[in-house]
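Enquirer: Can you read through this structure? Questions will come right after.
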Amino acid sequence: MFLYSYNNKRYHTLDYHYKNKYHKKVFKVSLNAGFSCPNLDGKVGYGGCIYCSKSGSGEFAGNKEDNIVKQFIEGKEKMLKKWPDAKYIGYFQARTNTYAPVEKLKEVYEPILKQENVVGLNIATRPDSISEDCLTYLEDLNKRTDLTIELGLQTINEKTTQLINRCHNLKCFEDMVKKLRDKKIDVVVHIINGLPKETKEDMINTVKYLNKLDIQGIKIHMLSIVKDTPLETYYKKEKFHVLTKEEYIDIVITQLEYLRPEIIIHRITGDPKKEELIEPQWLIKKFCVLNDIDKEMKRRNTYQGAKC
């Protein structure tokens, strides 16, 4: 039996982590604080990452026009009936959530911490968008709540990084991971499988690299080609190969085998909006993908960390 599991999962699920830590159901409430991105406004680049949607990966976050507390309460109320004694984490999801002066960050972070049954914050950002002042504030937050910083990496392949217009390099990412860990702040890393022209070996190498770093979690996404993005234009022009569900499952399982068992798997597939998705259409059936990963891991008799 896999060490970090209480059901048929053969990898270290976030649900397992939270239930063991808090002994209750824990939900993330996705929030949109209306932040921008340095890759949009010209600080590091223009146009943003080619795959990024109009919502800045915040498809299921709140309405940025609403007060941040209102967003949180509305998100929380969706879970209250089924889980009346649950705990909550405020998830600042849309765009780059440290890309503002510290005083602005405090205006949106602190009110969420004051809400009933909130045990932490997850803050999604870029490795080139955390100032020294912000680091000091995050260190303080980390002493007061369960803080996790989510860093976008996507791939270690520098050619791919340029192609998708990330506008930061691998050293920038490494340096920020070290700065955060020096302050004992937990780090979760986002990667994307199926990026244009990447091979299975490229995707496995990204995970092998991350396995050597002091990270606490990972989010594995399948590349979503969504409407009104530069990626849509590139796809229609280049017609690059989009992973099949079977290919994706095979790659994810191999990636899990190369990850230390203690690394928490925060996400293992994408969750795009049906009406915005161009390819791959199999992503719409999220739970089928999750179930098929479980079945194939069982068939192979493998588990997270099997090849470490």
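Enquirer: Return yes or no: is residue 142 in contact (Cβ under 8 Å) with a residue 24 or more places away in the chain, under 20 Å from residue 17 (Cβ atoms), surrounded by fewer than 21 Cβ atoms within 10 Å (Cβ to Cβ) and over 21 Å from the mean Cα position of the chain (by Cα)?
Expert: no
Let's see how each residue does on (1) within 30 Å of residue 114 (Cβ to Cβ); (2) out of contact with any Leu (no Cβ under 8 Å at 6 or more places or on another chain); (3) of a type in the set (Asp, Glu); (4) at pLDDT below 95:
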{"site": "141", "(1), (2), (3), (4)": "yes, no, no, no"}
{"site": "144", "(1), (2), (3), (4)": "yes, no, no, no"}
{"site": "149", "(1), (2), (3), (4)": "yes, no, no, no"}
{"site": "154", "(1), (2), (3), (4)": "no, no, no, no"}
{"site": "200", "(1), (2), (3), (4)": "no, yes, no, no"}
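Enquirer: Right, next: For the range 116-160, give me each residue that is part of a loop (DSSP other than H, G, I, E, B) and aliphatic (A, V, I, L, M).
Expert: Within the range 116-160, 130, 156 qualify.
Enquirer: Any idea how many residues of the range 25-75 are of a type outside the set (Gly, Ala, Ser), part of a loop (DSSP other than H, G, I, E, B), at pLDDT 90 or above and closer than 24 Å to residue 116 by Cβ?
Expert: Residues flagged as of a type outside the set (Gly, Ala, Ser), part of a loop (DSSP other than H, G, I, E, B), at pLDDT 90 or above and closer than 24 Å to residue 116 by Cβ within the range 25-75 amount to 3.
Enquirer: Also, I was wondering about something else. Quick check on residue 107: is it within 20 Å of residue 34 (Cα to Cα) and either surrounded by fewer than 16 Cβ atoms within 10 Å (Cβ to Cβ) or in contact with a Phe, Trp or Tyr (Cβ under 9 Å, 6 or more places away or on another chain) (or both)?
Expert: Yes; evaluated as a whole, the condition is true for this residue.
Enquirer: Which residues, counting only those in the range 137-178, are within 15 Å of residue 214 (Cα to Cα) and of a type in the set (Phe, Trp, Tyr)?
Expert: 173
Enquirer: Can you run down the residue pairs with Cβ atoms below 9 Å, 6 or more apart or on separate chains, where the first is in the range 98-112 and within 16 Å of residue 145 (Cβ to Cβ) and the partner is modelled with pLDDT under 95 and among the polar types (S, T, N, Q)?
Expert: 111/67
Enquirer: Hey, another quick one. Would you please list the contacts, defined by Cβ atoms under 6 Å and residues six or more apart or on different chains, that run from a residue in the range 214-238 that is of a type in the set (Phe, Trp, Tyr) and surrounded by fewer than 21 Cβ atoms within 10 Å (Cβ to Cβ) to a residue that is modelled with pLDDT of 95 or more and not in a loop (DSSP other than H, G, I, E, B)?
Expert: Pairs that qualify, where the first residue is of a type in the set (Phe, Trp, Tyr) and surrounded by fewer than 21 Cβ atoms within 10 Å (Cβ to Cβ) and the partner is modelled with pLDDT of 95 or more and not in a loop (DSSP other than H, G, I, E, B), are 235/225.
The values are calculated or read from the model by the stated rules, or taken from the named source; none is laboratory data. Quantities reported herein were computed from a predicted structural model and do not represent experimental measurements. Neighbour counts run over all protein chains shown; Cβ positions are idealised from the backbone, glycine included.
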